[in-house]
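Q: My questions will all concern the structure given below.
The values are calculated or read from the model by the stated rules, or taken from the named source; none is laboratory data. These numbers were taken from a predicted model, which means no experiment stands behind them. Neighbour counts run over all protein chains shown; Cβ positions are idealised from the backbone, glycine included. These area figures cover heavy atoms from the full protein model, side chains too; ligands, DNA and RNA do not enter into them. Shrake-Rupley method; radii C 1.70, N 1.55, O 1.52, S 1.80 Å.
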Amino acid sequence: AGPPVAGPPAPAAPVVVAGGGAATLRGLLRVVRRRVAQTGDWRTVVDGLRPGLDGLWAGLTPAEQDRFLRHVARYWEVHRHRMAPAVADRLDALRADGVLRIRAATVSRVIPAGWDGLAVELSDGPAGGERFGAVINCTGPGPWPDAADPLVRSLVADGLARPGPHGLGLDVAGDGAVIGRAGLPLVPMWAVGPARRGRLWETTAVPEIRAQAQRLADHFDRTDTPRLLLPA
C-alpha cells in the first residue's frame, strides 16, 4: 500500500486547504503533493487530511466529485487504508514462499465446477478459466440499491429512501436522516456509517461511525420518537 517509508510515521498534523467555496480536485492534489514534498512522509499528510476530509468532499462540485471517483478514489483508498506492518510482513513471507501470487487481471466470468470449486475466466488466463477453491470479493461497497440487502431495496422501491449522490450509499440529511423519493425524510429513520457514503466520504472507519452514533444517541435522548437505524 503506497511507497515504502523507513521508520514509523510522525504524528499527523492537520492539512489545511486554504480558500473558501468549492475547491477543484486539481488544486487539492497540488496542495497534497506540496505537503508531501515538505514533510518527506506521505503517511503524515494522508492522516492529516482525515479530520477535514468530509468538508473537502462537500466543497467539491458534483462534477469534481465524480472526477475524484473515476481517477483518484482508488489511489486514495490504497494510501488511506493501510495494512498493519505485521500483516504486510506476513504477506511478503507468503509471496516469497510461493504460497501467495498477485496478479492484475479482470474477472470475466465465474462458473461453478462441482467438487473442483470454481472455474474463473481472467483477462490474462486461458479460455475456459482456471480452477480456484473460492472467490472472495474485496472491492468494497458497490452502487446502491443494487448491492444493498432486501430491506434497503424495498425501502427504495417504496419511496422511503433513495440512492445517495453518485449511487453511493443512501441520500441523507446532515444528521443522517434518510431522505425519501420526495426529497425529504418521510419516516423517523437514520443511516450510520457506509450507508451515508456519497453525502460523506470518510464514513467507513470506527472513529467517524462512533461520532455519528454519539450524535444520534444525544438526539434520541432529547426526544421519544420511535426510530429505525440503518447500520454500516
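Q: Among helices (runs of 4 or more DSSP H) lying entirely in the range 1-88, which contain 3 or more residues that are under 26 Å from Leu100 (Cα atoms) and modelled with pLDDT under 90?
A: Numbers: elements: 25-39, 42-49, 53-59, 62-71, 73-80.
Fully inside the range 1-88 and qualifying: 73-80.
Q: I've got another one for you. Restricting to the range 104-127, count the residues that are surrounded by 10 or more Cβ atoms within 10 Å (Cβ to Cβ) and modelled with pLDDT under 85.
A: 4
Q: Look through the range 72-87, keep the residues that are touching a residue at least 40 places away in the same chain (Cβ under 8 Å) and not acidic (Asp, Glu), and return whichever of them is nearest to Glu208 (Cα to Cα).
A: Result: His81.
Q: If you don't mind, another one. Exactly one condition in (1) part of a helix (DSSP H, G or I); (2) in contact (Cβ under 8 Å) with a residue 40 or more places away in the chain; (3) within 25 Å of Gln65 (Cβ to Cβ) is not met by Glu202; state its number.
A: So the condition that Glu202 fails would be (1).
Q: With the checklist (1) closer than 30 Å to Leu69 by Cβ; (2) in contact with a helix residue (DSSP H, G or I) (Cβ under 7 Å, 6 or more places away or on another chain) in hand, flag the one item Arg131 doesn't pass.
A: In the conditions (1) closer than 30 Å to Leu69 by Cβ; (2) in contact with a helix residue (DSSP H, G or I) (Cβ under 7 Å, 6 or more places away or on another chain), Arg131 misses (1) alone.
Q: Is it the case that the range 213-232 has a residue that's modelled with pLDDT of 85 or more, among the small types (Gly, Ala, Ser) and under 20 Å from Leu56 (Cα atoms)?
A: no
Q: How many of the residues in the range 168-223 are hydroxyl-bearing (Ser, Thr, Tyr), under 12 Å from the mean Cα position of the chain (by Cα) and open to solvent by 30 Å² or more (accessible area, probe 1.4 Å)? Break it down stepwise before answering.
A: Our first condition is that a residue be hydroxyl-bearing (Ser, Thr, Tyr); within the range 168-223, this holds for 203-204, 223.
Cutting the leftovers down to under 12 Å from the mean Cα position of the chain (by Cα) gives us 203-204.
Going one step further and asking which of them are open to solvent by 30 Å² or more (accessible area, probe 1.4 Å), we end up with 204.
So the answer is 1.
Q: Hey, can you tell me all the residues within the range 81-103 that are open to solvent by 90 Å² or more (accessible area, probe 1.4 Å) and farther than 23 Å from Arg43 by Cβ?
A: The answer is Asp97, Val99, Arg101.
Q: Considering (1) surrounded by 15 or more Cβ atoms within 10 Å (Cβ to Cβ); (2) part of a loop (DSSP other than H, G, I, E, B); (3) touching a residue at least 40 places away in the same chain (Cβ under 8 Å), say which one Leu160 fails and leave the rest.
A: The number of the failed condition is (3).
Q: Restricting attention to the range 34-55, does a residue exist that is closer than 24 Å to Gly167 by Cβ, in contact with a Pro (Cβ under 8 Å, 6 or more places away or on another chain) and either polar (S, T, N, Q) or in contact (Cβ under 8 Å) with a residue 40 or more places away in the chain (or both)?
A: Scanning the range 34-55 turns up no residue that is closer than 24 Å to Gly167 by Cβ, in contact with a Pro (Cβ under 8 Å, 6 or more places away or on another chain) and either polar (S, T, N, Q) or in contact (Cβ under 8 Å) with a residue 40 or more places away in the chain (or both).
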